[in-house]
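J.: Quick one: the structure is below, questions incoming.
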2 protein chains.
Amino acid sequence: MTRRAKFRQITIDEIKSLARLQMAEGGTASLSLNAIAKHMGMSGPALYRYFESRDALITALIVEAYEALANALEETAARFADQPVRDCLRQVLLTYRRWALDHPIDFQLIFGNPIPGYQAEEKITAPTAGKVFAPILKILQRAYQQENRPYPSFLENLPPQLQVHLSHSMREFQPSLPEKVVYIGIVGWYHIHGMIMLELFNHIQPLISDPATFYSNEIERLMDQMNL
Amino acid sequence: MTRRAKFRQITIDEIKSLARLQMAEGGTASLSLNAIAKHMGMSGPALYRYFESRDALITALIVEAYEALANALEETAARFADQPVRDCLRQVLLTYRRWALDHPIDFQLIFGNPIPGYQAEEKITAPTAGKVFAPILKILQRAYQQENRPYPSFLENLPPQLQVHLSHSMREFQPSLPEKVVYIGIVGWYHIHGMIMLELFNHIQPLISDPATFYSNEIERLMDQMNL
DNA sequence: TCACATAAGTTATAATATATAACTTATGTT
DNA sequence: AACATAAGTTATATATTATAACTTATGTGA
């Protein structure tokens, strides 16, 4: 890498870092290229050498957020891979919540409403999205395929028109994954996700005194349902 | 109501209506007072006679959204009040999804990320928030208190530090509501909510071919868990 | 009916935002 | 050393929210 390219990378990183900081203070849409430039000691238009537009910067941040979350989950899964399935999955799901609370802005970028005016470039963001779900699927695969645990009873009478399909990018990670495993994963993920979204946007606090305990408790209940 | 006040109300309604229309096209944050005024054939600053600021307009829209959702749920609950609990609850939960899909902007205003720069005026929005949850609690109360259905088994060994408390405004609607009923309601609501948020933001479609069937199926599973 | 307060609009202006164009300076390579 | 290009600059166009000052329309009380 040339010296110039190195400096360029540093500048790009600083821009993204400041953008994150700005959003942390005023929400995902309080992003001002001008303010970033000013803070870095240069004029506004200079930023356009590094990002084509405000949306391009946002897209970069979204991709990074996806990757960071996926990495956090994968890392936890790897660290507890030799533990029983239930313990491993518990840790991964705890990491999921922990990461969301620690990185509310990144989580909103991934799962919240679209930013004003911002048109998601799905070609860029979609492939990374699958990575988030992959570690959870991997654990479930271990449970139901390697360890041959019985499938939960609620899978028995599913309506036939309910087709589950993995996106192309996800298929690459998990080549031979039974529909049932995917379905269990989806059901679990949605439950988890609902709790976290509500907690993140302060809809849980008026009802539950201790969201952490509630979450832990629901995880256990969920894993009970999954026969884990 | 004087003639002038009537015209004023019409103008206010038109502003709100156009605001909704604008958001429907470009997301919750693509709200331009100027554009609204222009569309109504008047200058930008004229709008400030009707709304103190952009945030005041947003707050009004949020309150209306809460009320509209609560009304939709209540209406459904009333229409199926003489049916068995399970049938009534099913219809209410279907209405919940239907309303969210039919009014994605209003749903985002209530449950999505905060709009850039917008500071929620919780004094105004909080009291109405309770109304959304009320119809569901009412149905559960009927099941477990009037009809004396047994509580689901997952309530048996809850950790003692897990306190459930209703906000003040909600207490007024439901004076004597056992903690257990509230807890069941919360658990169910979160599950439902997770599915709808993910569907609304297009995170469900890459995985599930038929979200409606999936949702229906999950409702049944949920009510099974609730002993309904 | 007329006088007058106020409601409801106007234009002008300030402060910021994204973004483009045209120009200058620094950097690295041939 | 010459030169292409990267990386910055200022100037400008066009939005945005919002305030100030001013004008016109409306409704009411004397």
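J.: Can you tell me the 0 to 90 degree angle between the C-alpha axis of helix A:122-141 and the longest principal axis of chain A, rounded to 10?
T.: Rounded to the nearest ten degrees, it is 30.
J.: Cα gyration tensor of chain B, axes a ≥ b ≥ c as square roots of the eigenvalues: rounded (a/c below 1.5), prolate (a/b > b/c) or oblate?
T.: prolate
J.: With each run of n ≥ 4 DSSP H residues scored as -39500 (n - 2.57), what mean residue ellipticity at 222 nm is computed for the protein assembly as shown after dividing by its residue count and rounding to the nearest 500 deg cm²/dmol?
T.: -21500 deg cm²/dmol
J.: For the charge dipole of chain B, defined by +1 on Lys and Arg C-beta atoms and -1 on Asp and Glu C-beta atoms about the Cα centroid, which residue among B:H165, B:Y151, B:A68 has the Cα displaced farthest towards the positive pole?
T.: Of the listed residues, the answer is B:A68.
J.: If the elastic network links every pair of Cα atoms under 10 Å, which of B:Q205, B:Q145, B:Q161 fluctuates the most in the Gaussian network model of chain B?
T.: Evaluated over chain B, the most mobile residue of the options is B:Q161.
J.: Here's a follow-up. Using a label point 7 angstrom from Cα along Cα-to-C-beta, what distances in nm, from shortest up, separate A:A68 from the other copies?
T.: Here the equivalent label points are 3.5 nm apart from this one.
J.: Would you look at the GNM of chain A, springs on alpha carbons closer than 10 Å, and say which of A:A77, A:A134, A:A24 moves the most?
T.: It is A:A24.
J.: Here's a follow-up. Under 20 Å Cα to Cα from B:K131, which aspartates and glutamates show up? Leave out anything in the same chain fewer than 8 places away.
T.: Leaving aside aspartates and glutamates fewer than 8 places away in the same chain, those within reach of B:K131 are A:E199, B:E64, B:E67, B:E74, B:E75, B:D102, B:D106, B:E121, B:E122, B:E172, B:E179.
J.: On average, how many beta carbons from a partner chain sit within 10 Å of the beta carbon of a residue in A:20-29?
T.: 3
J.: Taking chain B as the reference, fit the longest principal axis to its C-alpha atoms, fit the long axis of helix B:211-225 to the helix C-alpha atoms, and give the angle between the two in degrees, 0 to 90, nearest 10.
T.: That helix lies at roughly 40 degrees to the long axis.
J.: Using only Cα atoms, find the angle between the long axis of helix B:85-102 and the longest principal axis of chain B, and express it within 0 to 90 degrees, rounded to the nearest 10.
T.: Rounded to the nearest ten degrees, it is 30.
J.: Still on this structure, please answer the following. Would you mind working out the magnitude of the charge dipole of the protein assembly as shown relative to its Cα centre, with +1 at each Lys and Arg C-beta and -1 at each Asp and Glu C-beta, to the nearest 20 Debye?
T.: Dipole magnitude for the protein assembly as shown comes out near 1000 debye.
J.: Determine how large the accessible area of B:E75 is when every protein chain is in place; take a 1.4 Å probe and give Å² rounded to the nearest 10.
T.: The accessible area comes out at roughly 120 Å².
J.: B:H103: accessible area at probe 1.4 Å, nearest 10 Å²?
T.: The accessible area of B:H103 comes to roughly 70 Å².
J.: Moving on to the next point. Mind listing the long-range amide H neighbours of A:I208? Cut-off is under 5 Å, sequence gap 5 or more, other chains count too, H placed in the peptide plane at 1.01 Å from N.
T.: Residues meeting the amide H criterion: B:H165.
J.: In chain A, which residue puts its Cβ closest to the axis that turns chain A onto chain B, and how many whole Å away is it?
T.: Residue plus distance in Å, as requested: A:G194, 1.
J.: Distances from A:E179 to the same residue in each other copy, label points 7 Å out along Cα→Cβ, in nm, shortest first?
T.: Its label point is 4.3 nm from the equivalent points in the other copies.
J.: Now for a different question. Ignoring ligands, DNA and RNA, how do B:Y151, B:Y183 rank by accessible area with a 1.4 Å probe, largest first?
T.: Ranked list, largest accessible area first: B:Y151, B:Y183.
J.: Just grab the label-to-label distance for B:D13 and A:Q163, each label 7 Å out from Cα along the Cβ direction, in nm (one decimal).
T.: For the pair B:D13/A:Q163, the computed spacing is 4.6 nm.
J.: Tell me which lysines have Cα within less than 27 Å of B:K138's Cα, excluding those fewer than 8 residues away on the same chain?
T.: Of all the lysines, those that pass the test against B:K138 - Cα under 27 Å, at least 8 places apart if same chain - are B:K123, B:K180.
J.: What number comes out for the charge environment of A:R149, summing +1 per Lys or Arg and -1 per Asp or Glu over other residues with Cβ under 12 Å away?
T.: Overall, the nearby charge balance is +2.
The values are calculated or read from the model by the stated rules, or taken from the named source; none is laboratory data. Predicted model, so just to flag it, every value in this text is computed and none were measured. We place every Cβ from the backbone using ideal geometry, glycine too, and count neighbours over all the protein chains shown. To get the accessible areas, we keep the full protein, side chains included, count just its heavy atoms, and leave off ligands, DNA and RNA. Shrake-Rupley method; radii C 1.70, N 1.55, O 1.52, S 1.80 Å.
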